[in-house]
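The values are calculated or read from the model by the stated rules, or taken from the named source; none is laboratory data. Worth saying up front: this structure is predicted, and the values here are computed from it rather than measured. Positions of Cβ are backbone-derived with ideal geometry, glycine not excepted, and every protein chain shown enters the neighbour counts.
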Amino acid sequence: MTISTLTFQTNALAEMEALQTALTQTQTELSTGSKLPNAAADPAAMEQVNQLNMTLAASQQYVSNGTAASANLQLEQSALTTATNALQSARDLAVEANNSALSLADRQDIATQLQQLQNALLGAANSTDPAGNYLFAGTASGTQPFAQTGSAVSYQGGSQVNQVQIAPDQSISAGDAGNTVFMNIPAGNGTFSTGAAGANTGSGSIDTGSVINATAWVPDSYTIAFTSPTQYQVTNSGGTVVASGNYASGSAIAFAGIKVTVSGAPAAGDQFTVAPAGKASVFSTIANLITTLNSTSLSSGQVTTQIGTALRQIDNALSGFGYVQASVGGRLNAVTAAANSAQTTQTELQGTVSQLSSTDYAAAVTQLSTQELALQAAQQSYASIAKLSLFNYIS
């Protein structure tokens, strides 16, 4: 096959240009540390790297979300601990006050201490983060959740809480709304509440009672009326007698699947009530207890009954605080587990991105040396062959 001088030169120059381009690319890889200086270098690899970087950025955002949520939850845990300590102290004072030997002055002194604890509870419920956001305001974090008017405390925050995504398929609540933590405490024993009528003249008191047969319980308002100091009858809201019997102090009175215990010496005409339990706030529980201890008109039986009710509701509130604290702890553990998992994922993603885009210096240096030799050989070969001409052999 005949090859013209022009064809030879064109092919040789193209080959040297290709070698020069490859050499330049290798030099760029060594200087920048990247095999993918632009999309044209390897479109398929660049697309894969872009997708991996998007996944990596999302994973890093999940970790950031978790870090922020964890800080908020730790602050909530601290506030709940403060509230629990205050409420436990209030319970201790209620037990101390439940002593018939105390004078009115003694009870009023206890009431003063309870007011201080009430203030501590309110302060914990209105806790904020360093940015001034209220921990227990739900989604209305800029609004003070609890406002006090007189002895009444109302909730003004949101009923929903922000959800934070900490993994591709996992979100957690970044806090707890104050209405569920502080306001919705089961009243009485959680099923029904008991009380002593304000007109009672005897020394009888009633406990908070218990359920003995849930299937037999009929939610209704019941009245236990003493027809004499030793006789009672129980009527429902319609006036129907559902139970009656002889009374002995400390013995149980059972009806409609429940039982209550009346103690002391009720007088003829004294009445006690049993009604379905509603909800009470931790603040109203303490406020009512303060009112009871400051009262100058309640009988000993009424005081005992109301202190007993307060103690039961304080226990309900403490149980509720404990449940919320356990939930917060579980969420903190979830954040830690998600962060650990994300760290493993990020390490794997970064390794894959590095394999696709980062320069292997040892291999690149070897490749550069090979390319330099190939280019030098091509240049020398071209220079040598280009000198050949038929005229050199014509004498």
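With respect to Leu80, is the statement that it is surrounded by 15 or more Cβ atoms within 10 Å (Cβ to Cβ), over 20 Å from Ala337 (Cα atoms) and modelled with pLDDT under 70 true? Lay out the reasoning, then the answer.
Values: surrounded by 15 or more Cβ atoms within 10 Å (Cβ to Cβ): yes; over 20 Å from Ala337 (Cα atoms): yes; modelled with pLDDT under 70: no.
So Leu80 fails the test.
Of the conditions (1) in a loop (DSSP other than H, G, I, E, B); (2) over 45 Å from the mean Cα position of the chain (by Cα), Ala243 satisfies every one except a single condition; which number is it?
(1)
Hey, among the residues in region 282-311 that are without any contact (Cβ under 8 Å) to a residue 40 or more places away in the chain and assigned to a loop (DSSP other than H, G, I, E, B), which one's surrounded by the most Cβ atoms within 10 Å (Cβ to Cβ)?
It comes out as Leu298.
So for region 118-130 (the condition being assigned to a loop (DSSP other than H, G, I, E, B) and out of contact with any helix residue (DSSP H, G or I) (no Cβ under 6 Å at 6 or more places or on another chain)), does at least one residue qualify?
yes
Considering only region 107-132, state which residues are loosely packed, with under 15 Cβ neighbours inside 10 Å and within 21 Å of Gln74 (Cβ to Cβ).
Passing the criteria: Gly123, Pro130, Ala131, Gly132.
Against the conditions (1) over 24 Å from Gln313 (Cα atoms); (2) in contact (Cβ under 8 Å) with a residue 40 or more places away in the chain, where does Gly239 fall short? Just the number, please.
Condition (2) is where Gly239 drops out.
Restricting to region 304-327, count the residues that are over 27 Å from Asp220 (Cβ atoms) and of a type outside the set (Gly, Ala, Ser).
Counting residues in region 304-327 that are over 27 Å from Asp220 (Cβ atoms) and of a type outside the set (Gly, Ala, Ser) gives 5.
I need every pair where a residue in region 209-233 that is in contact (Cβ under 8 Å) with a residue 24 or more places away in the chain has its Cβ under 6 Å from the Cβ of a residue that is of a type in the set (Val, Ile, Thr) and assigned to a loop (DSSP other than H, G, I, E, B), sequence separation at least 6 or different chains.
Final answer for the pair search is Val211/Thr191.
Given the condition farther than 25 Å from Gly320 by Cα, free of Cβ contacts under 8 Å to residues at least 40 places away in the same chain and not assigned by TED's automatic domain parsing to the domain that holds Thr149, answer yes or no: does some residue in region 269-281 qualify?
Going residue by residue through region 269-281, those that are farther than 25 Å from Gly320 by Cα are 269-273.
Now restrict to residues that are free of Cβ contacts under 8 Å to residues at least 40 places away in the same chain: none.
Looking for residues that are farther than 25 Å from Gly320 by Cα, free of Cβ contacts under 8 Å to residues at least 40 places away in the same chain and not assigned by TED's automatic domain parsing to the domain that holds Thr149, one finds none in region 269-281, hence no.
What's the total number of residues in region 204-238 that are of a type in the set (S, T, N, Q), assigned to a loop (DSSP other than H, G, I, E, B) and under 20 Å from Leu289 (Cβ atoms)? First the steps, then the outcome.
To start, the set of residues in region 204-238 that are of a type in the set (S, T, N, Q) comprises 205, 208, 210, 213, 215, 221, 223, 227-228, 230-231, 233, 235-237.
Checking which are assigned to a loop (DSSP other than H, G, I, E, B) leaves us with 208, 213, 221, 230, 236-237.
In the following step, the residues that additionally are under 20 Å from Leu289 (Cβ atoms) were identified as 208.
Within region 204-238, residues that are of a type in the set (S, T, N, Q), assigned to a loop (DSSP other than H, G, I, E, B) and under 20 Å from Leu289 (Cβ atoms) number 1.
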